[in-house]
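Report on the structure given below.
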Amino acid sequence: MKIAGNNIELQIIRLFNRGDSSAMDELYDRYADYLTGVCTRYITADDDLKDVLQESFIKIFMGIGSFSYRGKGSLKAWMSRIVVNESLLFLRKKRLRAPEKLLADPPDIPEEEPDTDHMDSTDLARFIRQLPAGYREIFNLFAIEGLSHKEIASKLGIKPDSSASQFHRAKNLLARMIKEQRTSADAL
């Protein structure tokens with residue numbers, strides 16, 4: 001059954017509440033691509049991405065009964081938080097298995113904003129995915145999820161100053177990568 005209309009989220013919640021067997025399929029069909037996009041901001045390896053998404057959907061399907069609908073967009077936001085939290089949990093476990101070396105200040109990184117004018121979102125996402133894992137994690141939490149450095153620090157078990165420093169380094173590294181790509185493209 002395909003849902004049509006203005007408030008797809010509310011209709012999907014009603015399907016779940018009625019125990020409709022199509023509820024899971026409908027939710028997956030509507031949001032899998034979007035949630036995959038959220039996950040790819042944190043997880044770069046395809047196999048890991050699939051594992052994190054699978055765990056996320058399990059949590060979504062198991063927890064949807066306790067979800068409280070708060071208006072249009074609330075279901076999407078709730079699912080996005082689950083995917084982000086599952087991604088962070090995966091990265092935390094990965095770091096415990098193989099601790100990542102902290103990156104010192106990378107040499108020759110300009111103190112400038114990334115020049116993203118005339119850059120499409122696909123290219124920008126590709127550059128963000130190339131950031132080292134720790135930088136990428138904090139960059140996404142701050143720049144995309146909108147968390148404060150204090151919130152990031154609490155979520156990751158670090159100091160707010162460390163979050164701010166890692167974000168600054170990530171932004172500068174991103175600026176350098178974009179500049180190098182543009183310089184290479186201009187040389188052709």
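Quick rundown of the values:
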quantity: Qualifying residues in segment 129-162 (those that are within 20 Å of residue 175 (Cβ to Cβ) and outside any helix (DSSP H, G or I)) - the one least open to solvent (accessible area, probe 1.4 Å); calculated: 131
quantity: Filter result (in contact (Cβ under 8 Å) with a residue 60 or more places away in the chain and among the charged types (D, E, K, R)) within segment 148-170; calculated: 155, 169
quantity: Subset of segment 131-147 (residues that are more than 14 Å from residue 88 (Cα to Cα) and in contact (Cβ under 8 Å) with a residue 12 or more places away in the chain); calculated: 131, 132, 143, 144
quantity: Breaking point among (1) modelled with pLDDT of 70 or more; (2) of a type in the set (Asp, Glu); (3) in a loop (DSSP other than H, G, I, E, B), for residue 111; calculated: (1)
quantity: Total residues in segment 136-173, condition of a type in the set (A, V, I, L, M, F, W, C) and touching a helix residue (DSSP H, G or I) at 6+ places or on another chain (Cβ under 6 Å); calculated: 10
quantity: Flag if residue 40 is closer than 29 Å to residue 131 by Cα, touching a Leu at 6+ places or on another chain (Cβ under 8 Å) and open to solvent by 20 Å² or more (accessible area, probe 1.4 Å); calculated: yes
quantity: Any pair with Cβ under 8 angstrom, 6 or more apart, that starts in segment 171-187 at a residue that is among the β-branched types (Val, Ile, Thr) and ends at one that is in a helix (DSSP H, G or I); calculated: 178/127
quantity: Candidates 91, 102, 35 - the one that is open to solvent by less than 20 Å² (accessible area, probe 1.4 Å), closer than 25 Å to residue 136 by Cα and modelled with pLDDT under 95; calculated: 91
quantity: Close pairs from segment 19-30: first farther than 16 Å from residue 75 by Cβ, partner charged (D, E, K, R) and in a helix (DSSP H, G or I), Cβ under 7 Å, at least 6 apart; calculated: none
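The values are calculated or read from the model by the stated rules, or taken from the named source; none is laboratory data. Just so you know, these numbers come straight off a predicted model, no measurement behind them. Because the Cβ atoms are built from the backbone with ideal geometry, glycine has one as well, and the counts that use them run over all protein chains shown. Protein only, heavy atoms only, side chains kept; ligands, DNA and RNA dropped before computing areas. Shrake-Rupley method; radii C 1.70, N 1.55, O 1.52, S 1.80 Å.
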